[in-house]
Amino acid sequence: MNNRSEFSSKLGFVLAAAGSAVGLGNIWRFPYLAARYGGGLFLLIYIFFVATFGFAIMMVEIAIGRKTKLSPIGAYKALHKKYSFIGIIASLVAFLILPYYSVIGGWVIKYFVTFLTGGQAATADDTFFTTFIASPVQPVLWQIVFVLATLAVVWRGVKDGIEKASKILMPMLIILSLGVALYSLSLPGAIEGVKYFLIPDFSRFSVQAVLAALGQMFYSLSLAMGVMITYGSYLNKEDDLEKSVKQIEIFDAGIAILAGFMVIPAVFAFSGGNEAALNAGPGLMFVTLPKVFDSMGMSALVGGIFFLLVLFAALTSAISLMEAVVSTICDQCKFSRKKSAIIVAVTAIVLGIPSSLGNGIWSHFKIMDMAFLDLMDFITNAVLMPIGALLTCIFIGYVIGVDVISDEIKVSSKFKREKAFRIMIKYIAPICIVAILISSVLSAFGIIVL
Ligand code: PHE
């Protein structure tokens, strides 16, 4: 495996991994979770988890990749013959997330194009979103466009595709985010939203908020899906692993915070300080925000820029998901990159179709009272991801030993936090993961409300 592709620089790696981490999770999911679970308090809990637990798991995944120079299945197998199944779970999660992630990516393109072509007034209508996602053909076509855009990058490989795209898209994403956040902060009445988002209200502390922050941390940092293992396998032995992880996390948390600044103050300004407007949940970005944009003078421009930046974020994440699966197929089946990429793109399109139609003509098909897209989200994020993460911690902590990983980290980093890392992987992380797993399954069955 010595001819494996590598990122050309640490910067290239950090931008690609940050591109994976920064996605719909930051801009779509984070603001509505923060709004739901007490603003500043949620932010505080979230940052705490990113800096402790998230840090340890991301270090493990990237180290596994760099040590073995293999994609997830081969990587776990190289560490211990009997444990390749953990890699299978991880690759399966990426394989299953890509289709429905692309469906939502397609919606983002649709909104961007609508704003670009001057149709934004229609997006402010209450029924625009539901009518669009329920239609049988349009969302599928946009989903295909999104998958093809992802394929175009993965097709070109690690250096010329992923690294290049990340080096262009990520700086643009920062600039556009800053622009929209500043605009949102300049609106009259925005300051109340800033206070809500930044000042923790400890009276709203709840176990649910903690669990939601934990789950969000996993999703947002792209953990337990083989993605960081795959990107780690393209990382140079000389590049400082610990520092890279810090930078990726700062990037990820930074964009989540900026997204909070884009969305929460604008919604406050729009609703005249009425917190209830934030309770739109997943509809916050597709339903409430277009109304906010429409009510402000510069709607087409700001809205267009906003959806463009969401699109960049979603694309770089989808690229990492596709790459994790493509790299696995290349390694396992010895197929060429191009052949594997086409197989993955076609399956992502085909498997995405039920997720799309589940919002419309197939909406009567419900499993456990969930539409197909929600079901896929549940199986991957709430069940398989924590199981994969738990197995990883047990495998590293008790089967091969933490030293295997810390030795790899120390090849290029001082690793000052080694002691804390050890405790985290062996004791704290497994307990937290079991808590997420139990709570998300209980909430899916309606036994508790998350
Ligand atoms: N981290 C991405 C986000 O925040 C989602 C994602 C998950 C991407 C898993 C890749 C792998 O949207």
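Since every read-out is calculated from the coordinates, none of them should be taken as a lab result. None of the values given here were measured: they were computed from a predicted structure. Glycine gets a Cβ as well: all are built from the backbone with ideal geometry, and neighbour counts include every protein chain shown.
Taking 2.2 N^0.38 Å as the expected size of a compact globular protein, what ratio does the Cα radius of gyration of segment 288-390 give against it, to two decimals?
For segment 288-390, the normalised Cα radius of gyration is 1.42.
Counting Lys +1, Arg +1, Asp -1, Glu -1, what net charge surrounds Ala78 among other residues with beta carbon under 10 Å of its beta carbon?
The answer is +4.
Given the rule -39500 (n - 2.57) for each run of at least 4 DSSP H residues, summed and divided by the residues of the chain, what is its mean residue ellipticity at 222 nm, to the nearest 500 deg cm²/dmol?
Here the helix-only value at 222 nm equals -22000 deg cm²/dmol.
Based solely on C-alpha atoms, express the radius of gyration and the Dmax of segment 159-229 in angstrom.
That works out to 17.6, 50 Å for Rg and Dmax.
Going by average Cβ neighbours within 10 Å, how do the peptides 50-62, 4-16, 99-111, 363-375 rank, with the highest at the top?
Going by the mean number of other Cβ atoms within 10 Å, highest first, we get 99-111, 50-62, 4-16, 363-375.
Mind putting a number on the dipole of the chain about its Cα centre? Charges go on the C-beta only, +1 for Lys and Arg and -1 for Asp and Glu, and I need it in Debye to the nearest 20.
The calculated dipole for the chain is roughly 1300 debye.
Straight-line reach from Lys366: which aspartates and glutamates have a Cα under 20 Å away, not including same-chain ones fewer than 8 places off?
Leaving aside aspartates and glutamates fewer than 8 places away in the same chain, those within reach of Lys366 are Asp374, Asp377.
Taking the alpha-carbon centroid of each part, what is the distance from segment 84-102 to segment 337-367 in angstrom?
Measuring centre to centre over Cα atoms gives 14 Å.
Can you give me the Cα centroid spacing of segment 220-275 and segment 433-447 in angstrom?
Centre-to-centre distance over Cα atoms comes out at 25 Å.
Strictly greater than 16 Å: what percent of every Cα pair in segment 337-386 meets that?
More than 16 Å apart: 51 percent of the Cα pairs in segment 337-386.
Mind checking the log10 I(q)/I(0) for segment 10-444 at q = 0.10, 0.11 Å⁻¹? Debye, one equal scatterer per Cα, no solvent, two decimals.
Result of the Debye calculation: -0.66, -0.80.
What's log10 of I(q)/I(0) for segment 288-336 at q = 0.15, 0.21 Å⁻¹, Debye sum over Cα points only, no solvent?
Those come out to -0.55, -0.73, one per q.
Along the charge dipole of segment 10-444, which of Val399, Pro139, Val292 sits closest to the positive end, that is, farthest toward it, with unit charges on the beta carbon of Lys, Arg, Asp and Glu (+1, +1, -1, -1)?
Projecting each Cα onto the dipole axis, the largest value belongs to Val399.
What's the exposure ranking of Met217, Met298, going from fewest to most Cβ atoms within 10 Å?
Fewest-to-most ranking of Met217, Met298: Met298, Met217.
In degrees, nearest 10, range 0 to 90: what is the angle between the Cα axis of helix 337-357 and the longest Cα principal axis of the chain?
Long axis of 337-357 versus the principal axis of the chain: about 40 degrees.
If you line up the long axis of helix 207-220 against the longest principal axis of the chain, both from Cα atoms, how many degrees apart are they, to the nearest 10?
Between the helix axis and the principal axis of the chain, the angle is about 70 degrees.
With axes computed from alpha carbons, what is the tilt in degrees of helix 138-155 against the longest principal axis of the chain, rounded to the nearest 10 within 0 to 90?
The angle comes out at about 40 degrees.
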